[in-house]
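What follows is one structure encoded as structure tokens, with my remarks underneath.
Derivation of every value follows stated rules applied to the coordinates shown; laboratory data play no part. Keep in mind that this is a model prediction, so the values were computed, not measured. Counting neighbours? That spans all protein chains shown, and the Cβs are built from the backbone with ideal geometry, glycine included.
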Amino acid sequence: MKGFSIKTEIEEYTTFEQYAKEAELGADDLVLCGEHTYQKYIEPLQLGVQTLFREKYGKGEPTDIMVDAILDELRGKSYGRIIAIGGGTVIDIAKAVAVAGPEDKVDDLYEKVSGLQSFHPLVIIPTTCGTGSEVTNISVINRISKGVKMGLASDAMLADKAILITNMLDSLPYKIFATSSIDAMVHSAESFLSPNACSTSQLFSKEALKLILISWKKAVEAGGGDAWKAYAADFLKASNWAGIGFGYGGCAAVHACAYPLGSVYHIPHGQSNQLMFQDVMKKYKEIRPEGKINELEAVIAEVLNVTPENALETLYKLMDQVLKKEPLREFGVKESDLPIFARDVIQTQQRLLKNNYVELTEEQVLEVYRAAYLGLFHEAN
């Protein structure tokens, strides 16, 4: 078993201004962010940093076309640190940029993944409370040229520093909070169940899960909506801890099944995870009702004050209060897509499937998709 370690240094601040002063941001730094983030947090400080706005290169989750355009833009430019300020898209792009050589394109990075090296110090500042990727070695890019959404994993992409700044969540819209916090919850649950977890990584996963559930419960009891902002610091920490957990134990079938939904139908990543989570868990319970999943149920039961037997059902109902789950068919997914998705998951997502609680066949993955498509399990509850 590989040893557990955290390469990334984690720092916490209340405001971006505090961090900028401490880090002495300036002309040698390249900031990759959204234009709104720049205008609200960076421009007023007149730091003189170099900037790249992600909107210039495309919308939605990162694609090979988007990343290649950014790499072309940066060729010949001189800069030191890369400061990535944003959600999963910005972070995934920044990781790829940090390991790209002078002439590299995205395809080159996948071809030489085992030999990647970092060319720039990388600092990541998350502006959502879900990805946890500020502490992981994975960048997920939709390779349009290949027709598949794939993870690129290399320790060379681990950030030198992860900066947690509470007020960076101030203007986060509710829908993005909901999908990103669901993503963090799935990270914690999948990495907790992973056969490749160790006792230390499992501790991070467990504590992340507990903190997310506690904070969701408080926010819902306070009336929902923007009530979550009172617990923003806790959601940010939990996302980070979940990132540490899945950075070691890995994510699994929920993420593997979610990827085609984002790639083909552009459903937000966290919401794609929500759409698959219940039916993957049901399949796990059907195949192996006794095992590590009972430990997961016990953790959930303790926080939500229910019996272990009712823990998962209670969690699904709480998730529904955060963001209502709909059948896949409501998102335009066609029934004819499902066998293709199942085949592609088995063929292209073994990096994730090796972390499953139980092994799933292509037919079992198809059954999961069919249940999610029809909404049978959700409607039954």
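The charge dipole of the chain, taken about its Cα centre with unit charges on the Cβ of Lys, Arg, Asp and Glu (plus for the first two, minus for the last two), comes to roughly 280 debye.
If the limit is 24 Å between Cα atoms, which of K210/K292; K285/K354; K56/K77; K175/K237 go over it? It would help to have the intermediate numbers written out before the result.
Details: K210/K292 17 Å; K285/K354 18 Å; K56/K77 18 Å; K175/K237 19 Å.
The pairs that break the limit, which is 24 Å between Cα atoms, do not exist here.
Converting the Cα gyration tensor eigenvalues of the stretch 89-129 into ellipsoid dimensions via √(5λ) gives semi-axes, longest first, of 21, 11, 9 Å.
Which of rounded, prolate or oblate describes the stretch 237-338 when judged by the alpha-carbon gyration tensor and an a/c cut-off of 1.5? Verdict is prolate for the stretch 237-338. Applied to the stretch 26-37, the Karplus parametrisation 6.51 cos²θ - 1.76 cosθ + 1.60 on θ = phi - 60° returns per-residue 3J(HN,Hα) values of x, 5, 7, 9, 9, 9, 9, 7, x, 5, 4, 4 Hz, with x for Gly and Pro.
Run the helix sum for the chain: -39,500 (n - 2.57) per DSSP H stretch of 4+ residues, divided by residue count, reported at 222 nm to the nearest 500 deg cm²/dmol. Please list the in-between numbers first.
On the way: 15 runs with 189 residues, N = 381.
That calculation yields -15500 deg cm²/dmol at 222 nm.
Across all directions of projection, what mean area in square nanometres is found for the Cα convex hull of the stretch 28-112?
Values: hull surface 21.3 nm².
Its Cα hull, projected and averaged over all orientations, spans 5.3 nm².
Each part gets one Cα centre, and for the stretch 203-232 versus the stretch 314-381 those centres are 25 Å apart.
Relative to the longest principal axis of the Cα atoms of the chain, the long axis of helix 253-265 makes an angle of roughly 60 degrees. Across the chain, counting alpha-carbon atoms alone, Rg and Dmax equal 19.9, 61 Å.
About the Cα centre of the stretch 30-177, what is the dipole size in debye to 20, counting +1 per Lys and Arg Cβ and -1 per Asp and Glu Cβ, all else neutral?
Values: 15 positive and 18 negative charges, 41 e Å.
For the stretch 30-177, the charge dipole is close to 200 debye.
Each of D183, D320 was scored by other Cβ atoms within 10 Å of its Cβ. Listed from fewest to most, they are D320, D183.
Ranked for footprinting exposure by Cβ neighbours inside 10 Å, fewest first, E190, E12, E309, E134 give E309, E12, E134, E190. Shape of the stretch 9-169 from its Cα gyration tensor (a ≥ b ≥ c, root eigenvalues): rounded if a/c is under 1.5, otherwise prolate when a/b > b/c, or oblate? The shape class here is prolate. Placing unit charges on each Cβ (+1 for Lys and Arg, -1 for Asp and Glu) gives the stretch 9-169 a dipole about its Cα centre, and among A84, I65, I165 the Cα reaching farthest toward its positive end belongs to I65.
Rounded if a/c is under 1.5, else prolate if a/b is larger than b/c, else oblate: which is the stretch 193-265, with a ≥ b ≥ c the root eigenvalues of its Cα gyration tensor? The shape class here is oblate. Rounded to the nearest 20 debye, the dipole magnitude of the stretch 174-380 is 420 debye, with +1 charges on Lys and Arg beta carbons, -1 on Asp and Glu beta carbons, and the Cα centre as origin. Cα axis of helix 174-193 to longest principal axis of the chain: angle in degrees, 0 to 90, nearest 10? Computed tilt is about 70 degrees. For the stretch 1-74, the residue among Y41, L30, G3 whose Cα projects farthest onto the positive side of the dipole built from Cβ charges is G3. For the chain, what is the percent of antiparallel DSSP beta bridges, rounded to the nearest 5? If I count the DSSP bridges inside the chain, around 20 percent turn out antiparallel.
As a proxy for reagent exposure, F119, F16, F204 were ordered by neighbouring Cβ count within 10 angstrom, fewest first; the result is F119, F16, F204.
For K7, the aspartates and glutamates whose Cα falls under 13 Å of its own Cα, not counting residues fewer than eight places away in the same chain, are E134, D155, D160. Pair-distance distribution P(r) for the stretch 174-380, from all Cα-Cα distances in 10 Å bins starting at 0: 9, 38, 39, 14, 1 percent.
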